[in-house]
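Have a look at this one.
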Amino acid sequence: MSQQPTAPPSSSQNSPRMRRIAHLDMDAFYASVELLRYPQLKGLPVVIGGGRRREDDLLGRLRVAHPEQEWSSEHLHQIPLDFFPRLAGYTGRGVITTATYAARQFGIGSAVGLMKAAKLCPQAILLPVDFDQYRHYSRRFKAIVTDIAPLMEDRGIDEVYIDFTDVPGGQREGGRVLARLMQKAIFDDTGLTCSVGVAPNKLLAKMASEFNKPNGISIVQEDDLETKIWPLACRKINGIGPKADAKLKSHGIETIGQLAAREQQWLMDTFGERTGAWLHAASHGQDERPVVTESEPVSMSRETTFDTDLHAVRDRAELGAIFTKLCEQVASDLQRKGYVGKTIGIKLRFDDFQIVTRDQTIDHFTADAKVIRQFAGQCLKRAPLQKRLRLLGVRVGALLKAEDAKAGEVFASHPPTRHGADADDLTGQLF
Ligand code: DCP
Ligand code: MG
């Protein structure tokens, strides 16, 4: 007679789940973000490098070159192909940060000098970097990942590890179903593609994410070691750099399979105990490192370096506007990530590179731009402002999760009234 279960079996009663770890890496990340605003460049060789982006200059030149048309940042997708700068004739010391897959066919990619690249592919289009934009899309794709699978380890601007093990659907087809879902969610939201490797651990997942780039998924299981991992060059192991690789080669070890064939003791004698043991484990596809989710931030800040140095009195209006914007940005960072803080501070760097910071701890937690602006302004009054400024930053520290602060009723969303604000001559109007 079969018994009806009264409750669904808990996971501890099931056979233990297989560990499934994903590595997700965006495809040609900086270049792909640029292609979102210049879709006319799709399929063309494009490299990113050289100077910083200055949209106003670009629009100014467009207005001169094509006065028949109106040009603003909404018209970037209409820029004619012949307007984009080409690599041909490039002189300078810049290097490529990344290249589109079309450009990679010419043998150019990350870290290649722009002059060398100009020889290999003179027709490639050269675009400047825009880190703000890349950071924006980095945050966006990571938010989508954590919406689907909360255990995510941030490994940099365009890559993350994700623990699929206990996520619903994370075991289906070895992780392929969830990986496909993530790719689709990221593409639908951002228009960007990524590649995902799913494997029993981080080491193998990292290798797997490269197998089917771009826009690919690869699944590696424990028994794929011999066929999929051992034929690879040792450099494909994350952690074997050029020096270690050269040493391995000097012993006739080129592939991971050749590494795996060596005795662990020989590796330990040759490379040292720890490295030798790690090389042995890695070549056998073993890696127990957990997926480490982000630790709680202690502070959040925004800062900006001015194009030309500014003076507190002479450039009062411009500085004031920048200062307000920084406070708004920090407030919006705090609100988006769900934090409030009670230490408000500023950072200044002068034209002689001297750095000055000031901060103040207030009696309530806040994520409100006006409150931050008010107290950051008070900090600024305590700073020497005779010299020209090169950088201005605003920081909020002593953070607490907003819900915890709310629970303790120490959360203020409106600026407290100012008691006898002592506006001094230098900064009164501005700050
Ligand atoms: N990057 C850089 N300098 C390098 C390597 C990379 O500035 N030497 C930047 C530009 C890349 C981003 O980091 O877009 C991510 O690096 P990846 O190695 O993941 O390279 P891509 O995402 O560009 O290409 P892939 O599709 O191979 O991942
Ligand atoms: Mg990438």
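So for the range 29-129: antiparallel DSSP bridges make up what percent, rounded to the nearest 5?
55
Relative to the Cα centre, what is the charge dipole magnitude of the range 29-129, using +1 at the beta carbon of each Lys and Arg, -1 at the beta carbon of each Asp and Glu, and rounding to the nearest 20 debye?
Dipole about the Cα centre, nearest 20: 520 debye.
Would you calculate, for the chain, the mean residue ellipticity at 222 nm contributed by helices, counting each DSSP H stretch of 4 or more residues as -39,500 (n - 2.57) and dividing by all residues, to the nearest 500?
-10000 deg cm²/dmol
Let me ask another. What number, in percent, do you get for the relative contact order of the range 252-398 if the mean sequence gap of Cα pairs under 8 Å and at least 6 apart is divided by its residue count?
Relative contact order comes out at 29 percent.
So what is the relative contact order for the chain, in percent, with contacts set as C-alpha pairs under 8 Å and at least six apart?
13
Counting only the backbone N, which residues of the range 280-312 are under 20 Å from the spot 7 Å out from the Cα of GLU263 toward its beta-carbon?
280-284
Which semi-axis lengths, in whole Å and largest first, follow from the square roots of five times the eigenvalues of the Cα gyration tensor of the chain?
On the way: eigenvalues 386, 219, 107 Å².
Semi-axis lengths for the chain are 44, 33, 23 Å.
Can you give the relative contact order of the range 230-283 as a percent, counting alpha carbon pairs under 8 Å and 6+ residues apart?
After rounding, I find 33 percent.
Neighbouring Cβ atoms within 10 Å as the yardstick, rank HIS280, HIS251 fewest first.
HIS251, HIS280
Going toward the positive end of the dipole of the chain, with +1 on Lys and Arg Cβ and -1 on Asp and Glu Cβ, which of PRO122, HIS251, SER283 do you reach last?
PRO122
Same structure again: Quick one: length gained pulling THR343 to HIS311 fully straight, 0.36 nm per residue minus the C-alpha distance?
On the way: separation 32, 0.36 × 32 = 11.52 nm, distance 2.60 nm.
Here the answer is 8.9 nm.
Oh, and also: Rounded to whole Hz and in sequence order, give me ³J(HN,Hα) for the range 43-59 from the Karplus expression 6.51 cos²θ - 1.76 cosθ + 1.60, θ = phi - 60°, writing x for Gly and Pro.
The phi angles translate into x, 9, x, 10, 10, 10, x, x, x, 7, 6, 10, 5, 4, 4, 4, 5 Hz.
In what sequence do ASP132, ASP25 fall when counting other Cβ within 10 Å, fewest first?
ASP132, ASP25
Moving on to the next point. Given labels modelled 7 Å from the Cα in the Cβ direction, how far is it in nm from ILE355 to GLN123?
Going from the ILE355 label point to the GLN123 one covers 4.7 nm.
On a full-extension model of 0.36 nm per residue, what is the gain between THR91 and GLU68, subtracting their alpha-carbon distance, rounded to one decimal in nm?
The THR91-GLU68 span can extend by a further 5.1 nm.
Top mean-square fluctuation among MET115, MET182, MET152, Gaussian network model of the chain, C-alpha springs under 10 Å?
Looking only at MET115, MET182, MET152, the biggest GNM fluctuation is shown by MET115.
For the range 63-78, take each phi angle, set θ = phi - 60°, evaluate the Karplus expression 6.51 cos²θ - 1.76 cosθ + 1.60, and give the result in whole Hz per residue in order, putting x for glycine and proline.
Listing the rounded values in order: 5, 6, 6, 10, x, 5, 10, 8, 10, 9, 5, 7, 9, 4, 5, 9 Hz.
Give me a comma-separated list of calculated 3J(HN,Hα) values for the range 358-371, in order, Karplus coefficients 6.51, -1.76, 1.60 applied at θ = phi - 60°, integers in Hz, x for any Gly or Pro.
Running phi through 6.51 cos²θ - 1.76 cosθ + 1.60 with θ = phi - 60° gives 9, 9, 8, 9, 9, 8, 8, 8, 8, 9, 9, 4, 5, 5 Hz.
Does anything in the range 286-313 have its amide N under 20 Å from the 7 Å Cα→Cβ label point of ALA185, and if so which residues?
291-295
Please report THR366, THR361 as a ranked list, fewest other C-beta atoms within 10 angstrom at the top and most at the bottom.
Going from least to most buried by this count: THR361, THR366.
Each reported figure results from applying straightforward, stated rules to the coordinates on display, with no laboratory input. Predicted model, so just to flag it, every value in this text is computed and none were measured. FYI the Cβ positions are ideal-geometry reconstructions off the backbone, even for glycines, and counts take in every protein chain you see.
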